[in-house]
Amino acid sequence: KDYIEVIEENKDIFDINRINEMYGIIISKVDVLINLPIGLNSSLTLTLLPKLSRLYSERKINEMKNVIISSINVSMCLAIPIMIGYMFFSKEIFDLLYPNASQGALLLQLIAVSVIFSILDQTINGALQGFGKVMIPAIALGIGCLVKLILNLVLLPIPELNVYGAAIGSIACHAVAFTIVFN
């Protein structure tokens, strides 16, 4: 069956106008706001790589630990306030940035939880890459994506959840990836 046939057979589950509306909210609004702190942290993580690589080659373990702890602290100083701001002020943020189309605040509140996992995962991945262990982050993210795919397949068709199922899948993806690389 193709995409259209599935939608036609399940009109009670798939409201194409609602799907398009929510997809637009995710892509044009929520993803932009969620990716902002992740992009900022990416710059910080890139500065971590050369220093850790040098310390690793010189076998300066204590200095490596200090650099990693400092990087995680800086990442947390970025992630926590942004996550809290998104969770508690999402309506105000949407009203300010999108005054004519401020839907999506609840979705931002939910997916804001993924910010902390994404940023910590990104920082730890940078440290692992500095040690030359590039496969661990790739495998962790692959497993996280598999979890997201499964959750999306299960949760998206539930009318009460709909697009919020995708947000739950994103949170789970980043939490799983973070848990794998942190251990």
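Once the gyration tensor of the Cα atoms in the chain is diagonalised, the equivalent ellipsoid follows with semi-axes of 36, 20, 11 Å, ordered largest first.
Over its Cα atoms, what ratio of radius of gyration to 2.2 N^0.38 Å does the range 23-104 give?
Values: Rg = 17.7 Å, N = 82, 2.2 N^0.38 = 11.7 Å.
Expressed relative to 2.2 N^0.38 Å, the Cα Rg reads 1.50.
Which shape class, rounded, prolate or oblate, goes with the range 110-183 when its Cα gyration tensor gives a ≥ b ≥ c as root eigenvalues, a/c under 1.5 marks rounded, and past that a/b bigger than b/c marks prolate?
Prolate.
Between Asn183 and Phe89, the contour length at 0.36 nm per residue exceeds the alpha carbon distance by 30.5 nm.
Accessible surface of the range 93-183, 1.4 Å probe: 73 percent of it comes from carbon and sulfur atoms.
Could you tell me which helices of the chain pass both thresholds, a Cα extent of 18 Å or more along their own axis and a mean Kyte-Doolittle hydropathy of at least 0.0, with helices taken as whole DSSP H runs?
Details: long enough: 31-57 (38 Å, 0.70); 61-97 (48 Å, 1.10); 113-130 (27 Å, 0.94); 135-155 (29 Å, 2.26); 163-182 (29 Å, 1.82).
Answer set is 31-57, 61-97, 113-130, 135-155, 163-182.
Exposed loop sites here are GluC sites (Glu not before Pro) assigned a DSSP state other than H, G, I, E or B and surrounded by at most 11 other beta carbons within 10 Å; excluding them, the longest clear run of the chain is 59-159.
Probing with 1.4 Å while keeping every protein chain in the model, the per residue accessible area of the chain equals 57 Å².
The values are calculated or read from the model by the stated rules, or taken from the named source; none is laboratory data. On a predicted model such as this, the values are computed, not experimentally measured, just so you know. Note that we place each Cβ from the backbone using ideal geometry, even for glycine, and neighbour counts take in every protein chain shown. Quick note on the areas: whole protein, heavy atoms, side chains included, nothing else; ligands and nucleic acids left out. Shrake-Rupley method; radii C 1.70, N 1.55, O 1.52, S 1.80 Å.
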